[in-house]
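Colleague: Here it is, the structure in full.
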Amino acid sequence: MRKFAMVAVLALVTGSAYGGLLGLPNEVGNGGFETGTFPPWQKTGAANIFNSGDWGVPGLPGSNKWAGVVVSWGGDWGGPIGMIRQIVDQSQFPGWDPLGTQTVIGLQFDRLLKAVSGDTWRDVGMRVYLDWMEDGSYPYPGEPEYVRQLVYEQWSPGQSEYPGPQDWVHEQIEITLPAQPQFLSVEVEFYAHYAMWSFLGIDNVDLESYCIPEPATMGLLMLGLPLVRRRR
Ligand SMILES: [Ca+2]
């Protein structure tokens, strides 16, 4: 129970580096939203696809579309105003190991958070989760085996300027899950709190993973050096 408490966020780095975090294929489909539609993402609430330049929001170099929420005087104090979710089948990718017991995840994306408002408390926020079932099956929220792990959270208070290119920030997360779920879900929640304008964007979502063999094997590998040095 409560296995998510064992999850360790190894690194949370903000920078401009691109390319594969783990050197593996991107498991997320349509991670840049360039198809102009959501699938294979699922979306709920106010999430939409936007063209670069829509509402005066600049796009990233090489990107024509992004996903998110733009709303004027709109929001929800009780929860996200919109969400997108994609479930990937990790067994279809080269990092999969049927004998693994843990999963190393590299997740990166570009995000934009801007609330235009005279009040700092009329902010915007974004939360990113990974979720899965303890038995690795297709994740259904609310089921007993369902695990949901917050891996990223950022809030931006209301400001006076409108979005500029500098508001797109590249985020990288590396995390080890205490499980090896065949089906893994990535969720992005958008929060808006009634600013004059709330701009929330995400683009270039990349999720890579590889499985770690069972602990006994890993333990022997890691203990190899000390064992050699041990006096007899
Ligand atoms: Ca894009």
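Each reported figure results from applying straightforward, stated rules to the coordinates on display, with no laboratory input. Just so we're clear, the structure is a prediction, and the values are computed from it rather than from any experiment. Positions of Cβ are backbone-derived with ideal geometry, glycine not excepted, and every protein chain shown enters the neighbour counts.
Colleague: Which whole-Hz ³J(HN,Hα) couplings does region 194-207 yield from phi under the Karplus relation 6.51 cos²θ - 1.76 cosθ + 1.60, θ = phi - 60°, glycine and proline marked x?
Modeller: Residue by residue, region 194-207 yields 6, 6, 4, 9, 10, 10, 10, x, 9, 7, 6, 6, 10, 10 Hz.
Colleague: Once both labels are modelled 7 Å past Cα along the beta-carbon direction, what's the residue 54-residue 145 spacing in nm?
Modeller: Calculated label separation equals 3.8 nm.
Colleague: Determine the sum of side-chain charges near residue 82: Lys and Arg each +1, Asp and Glu each -1, restricted to other residues whose C-beta is under 10 angstrom from that of residue 82. Mind showing how you got there, number by number?
Modeller: Numbers: positive: 43; negative: 76, 189.
Every neighbour counted, the sum reads -1.
Colleague: What residues qualify as long-range amide H neighbours of residue 159, i.e. H under 5 Å apart, gap of 5 or more or another chain, H built at 1.01 Å from N?
Modeller: Amide H neighbours of residue 159, under 5 Å, 5+ apart: 115, 116, 117.
Colleague: Another question, then. Which of the GluC sites (Glu not before Pro) found in region 152-188 are loop residues per DSSP with 12 or fewer other Cβ atoms within 10 Å of their Cβ?
Modeller: 161
Colleague: Please list, by residue number, every one of the trypsin sites (Lys or Arg not before Pro) in region 120-214 that is coil in DSSP and has at most 13 other beta-carbon atoms within 10 Å.
Modeller: none
Colleague: Right, something else. What FRET efficiency do you get for residue 162 and residue 37 if R0 is 30 Å and r is their Cβ-Cβ distance, rounded to the nearest 0.05?
Modeller: Here the calculated transfer efficiency is 0.65.
Colleague: Continuing with this model, one more query. Taking K and R as +1 and D and E as -1, what net charge do the other residues with C-beta under 11 Å from the C-beta of residue 26 add up to?
Modeller: Residues close to residue 26 contribute a combined charge of -3.
Colleague: If I model a spin label as a point 7 Å beyond the Cα along the Cα-Cβ vector, how far apart are those points for residue 153 and residue 44 in nm?
Modeller: Distance between the two pseudo-spin positions: 1.9 nm.
Colleague: How far apart, in nanometres, would the label points at residue 91 and residue 214 be if each is projected 7 angstrom from Cα along the Cα-to-Cβ direction?
Modeller: So the two model labels end up 1.8 nm from each other.
Colleague: How large is ³J(HN,Hα), in whole Hz, for each residue of region 88-97 in order, when computed from phi with the Karplus curve 6.51 cos²θ - 1.76 cosθ + 1.60 and θ = phi - 60°, using x for Gly and Pro?
Modeller: For region 88-97, the Karplus-derived couplings read 10, 9, 5, 5, 8, 10, x, x, 6, 9 Hz, x marking Gly and Pro.
Colleague: Considering only DSSP states other than H, G, I, E and B, which chymotrypsin sites (Phe, Trp or Tyr not before Pro) in region 20-77 qualify as loop sites with at most 11 other Cβ atoms within 10 Å?
Modeller: 77
Colleague: Can you list the HN-Hα couplings for region 28-42, worked out from phi with the Karplus curve (6.51, -1.76, 1.60; θ = phi - 60°), rounded to whole Hz and with x for Gly and Pro?
Modeller: 8, x, 6, x, x, 6, 6, 5, x, 10, 7, x, x, 5, 9
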